[in-house]
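Report on the following structure.
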There are 2 protein chains.
Amino acid sequence: MAEQVVPDIVIGRLPRYLQALERMRLEGLQTTSSLELGQRLGISAAQIRKDLSHFGEFGKQGTGYSVEFLIEQLRAILHLNRLWDLALVGVGDLGSALARYQGFTNRGFRIVLAFDNDPKKIGKRIGSLVVEDSATMPERIRQTGVKIAMLTVPASVAQQVTDCLVEAGIRAILNYAPIHLVVPPGIIVETIDPILKLQHMTYYLD
Amino acid sequence: MAEQVVPDIVIGRLPRYLQALERMRLEGLQTTSSLELGQRLGISAAQIRKDLSHFGEFGKQGTGYSVEFLIEQLRAILHLNRLWDLALVGVGDLGSALARYQGFTNRGFRIVLAFDNDPKKIGKRIGSLVVEDSATMPERIRQTGVKIAMLTVPASVAQQVTDCLVEAGIRAILNYAPIHLVVPPGIIVETIDPILKLQHMTYYLD
DNA sequence: TTATGTGAAAGTGTTCACAGCC
DNA sequence: GGCTGTGAACACTTTCACATAA
């Protein structure tokens with residue numbers, strides 16, 4: 001049970017499994033079951049077993065899963081056995097908060113480049129990062145080979161900055177601008193817009 | 001075609017329709033079609049028509065939809081014909097960035113309360129907000145009747161703060177802590193964890 | 001006995017395609 | 001002619017339930 005195309009919706013759950021497992025490891029658990037993992041995440045045991053079965057047989061009947069082993073397998077599947085470099089594009093309030101966030105490193109990521117087009121911000125230091133001029137962005141991204149960008153620029157320029165990032169070799173964009181980005185096939189975009197989530201919730205409130 | 005239970009996945013798309021329509025209005029468009037709206041969002045025309053049909057017949061055959069009218073209908077459906085008050089819990093880097101974000105107001109929300117337990121932050125002003133002591137949180141939330149909270153506290157305390165919020169009458173939580181929150185039935189939680197999205201994307205990169 | 005991995009069944013969601021109306 | 005609203009067809013996802021193995 002290995003080389004089918006695994007549904008994207010399954011891939012989307014794997015990082016959550018990984019997160020729960022890492023928490024279990026921290027708590028000293030050595031073994032777990034689909035039932036226990038599911039209860040922690042609000043997901044059915046059957047779904048967890050089915051999801052994992054796309055990639056191999058990681059459990060032992062009667063026993064469950066080794067926490068450590070399953071973490072390693074998930075990290076391999078998600079290509080997290082390396083540290084991924086990120087470019088931060090736009091260093092406003094949100095970009096600055098992301099630049100200071102300590103939670104990236106032990107989950108597989110680090111910001112290595114930061115850009116802004118505001119002369120007041122260029123040269124500014126945030127931790128070990130120095131904000132660089134957006135004008136040099138394509139060159140610097142190509143030089144460093146960074147493949148993932150976090151986009152925290154105003155919506156009004158998000159699409160044109162995106163085009164520029166794609167042209168420079170970026171292959172995945174985490175978009176914080178409240179707008180749908182158009183990209184060529186093969187480029188991955190995920191959008192985070194908290195207000196869409198708030199508006200989703202208000203449907204259920206009165 | 002009105003009073004079925006509308007699938008949650010449909011509700012989740014409505015805010016995106018609203019966002020695209022508001023952009024169209026800004027551009028001066030008075031009329032649109034399911035095709036045009038879909039192209040802007042990367043969604044099929046059939047799906048948009050089907051989604052809207054859960055709530056009524058908003059279009060005219062041969063003509064399409066009035067942008068202004070459809071905006072009004074969606075705002076009514078999502079209960080956005082009022083301004084929703086928000087409580088911000090945790091005023092670290094991310095919480096501060098949210099407090100300063102200008103994009104809430106014209107999409108139906110405003111932050112009216114902010115809390116932290118760090119004495120250095122209590123009393124601090126951010127725009128018109130004053131950071132209050134977490135100890136007074138339940139009382140203040142009850143007084144003001146705020147129903148929605150944005151949770152930007154460390155993962156280690158997120159669950160206990162959540163319990164406290166629910167006890168105080170909060171009915172919806174936008175959770176920024178990288179952890180699965182457990183809440184009683186009827187309480188709505190949406191989680192925003194950028195690293196889950198990054199880890200989802202790396203599956204497709206090499 | 002316990003808990004996995006998995007076909008089959010059930011349940012959801014999306015797209016098709018066209019009657020009906022502007 | 002153009003575009004909506006919608007049953008029917010299709011596709012996808014989840015759950016069930018059990019043979020199998022530790």
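The values are calculated or read from the model by the stated rules, or taken from the named source; none is laboratory data. This is a predicted model, so every value here is computed, not measured. Because the Cβ atoms are built from the backbone with ideal geometry, glycine has one as well, and the counts that use them run over all protein chains shown. With ligands, DNA and RNA removed, areas are computed over all heavy atoms of the protein, side chains included. Shrake-Rupley method; radii C 1.70, N 1.55, O 1.52, S 1.80 Å.
When restricted to residues that are in contact with a helix residue (DSSP H, G or I) (Cβ under 9 Å, 6 or more places away or on another chain) and within 30 Å of B:LEU35 (Cα to Cα), region B:83-108 contains 5.
Within region A:152-206, the set of residues being in a loop (DSSP other than H, G, I, E, B), within 7 Å of chain B (Cβ to nearest Cβ) and at pLDDT 95 or above comprises A:ARG171, A:PRO178, A:HIS180, A:ILE192, A:TYR203, A:TYR204, A:LEU205. Of all residues in region B:60-74, none satisfies being touching a helix residue (DSSP H, G or I) at 6+ places or on another chain (Cβ under 9 Å), among the small types (Gly, Ala, Ser) and within 18 Å of A:ASP193 (Cα to Cα). Among the residues of region A:162-188, which ones are open to solvent by 30 Å² or more (accessible area, probe 1.4 Å) and touching a residue at least 24 places away in the same chain (Cβ under 8 Å)? Within region A:162-188, A:CYS164, A:GLU167, A:ARG171, A:TYR176, A:ILE179 meet the criteria.
State all residues of region B:32-56 that are of a type in the set (D, E, K, R), open to solvent by 30 Å² or more (accessible area, probe 1.4 Å) and near DNA strand C (Cβ under 10 Å from one of its atoms); if no residue qualifies, say none.
So in region B:32-56, the residues of a type in the set (D, E, K, R) come out as B:36, B:40, B:49-51.
Now narrow it down to the ones that are open to solvent by 30 Å² or more (accessible area, probe 1.4 Å): B:36, B:40, B:49-50.
Within region B:32-56, B:ARG49, B:LYS50 meet the criteria.
Scanning region B:108-156 for residues that are open to solvent by 20 Å² or more (accessible area, probe 1.4 Å) and of a type in the set (Asp, Glu) gives B:ASP118, B:GLU132, B:ASP133, B:GLU139.
Looking at region A:57-84, which of its residues are among the β-branched types (Val, Ile, Thr) and either within 13 Å of chain B (Cβ to nearest Cβ) or within 11 Å of DNA strand C (Cβ to nearest atom) (or both)? Steps first, answer last, please.
Residues of region A:57-84 that are among the β-branched types (Val, Ile, Thr), as a first pass: A:63, A:67, A:71, A:77.
Once the filter is applied, which keeps residues that are among the β-branched types (Val, Ile, Thr) and either within 13 Å of chain B (Cβ to nearest Cβ) or within 11 Å of DNA strand C (Cβ to nearest atom) (or both), region A:57-84 yields A:THR63, A:ILE71, A:ILE77.
The set of residues in region B:69-113 being on the phi > 0 side of the Ramachandran plot and either without any contact (Cβ under 8 Å) to a residue 40 or more places away in the chain or touching a Gly at 6+ places or on another chain (Cβ under 9 Å) (or both) consists of B:HIS79, B:GLY108. For region B:93-107, filtering for residues that are in contact with a strand residue (DSSP E or B) (Cβ under 8 Å, 6 or more places away or on another chain) and open to solvent by less than 80 Å² (accessible area, probe 1.4 Å) leaves 5. Considering only residues of region B:69-79 that are within 15 Å of DNA strand D (Cβ to nearest atom) and open to solvent by 20 Å² or more (accessible area, probe 1.4 Å), which is farthest from B:ILE9 (Cα to Cα)? Among them, the one singled out is B:PHE69.
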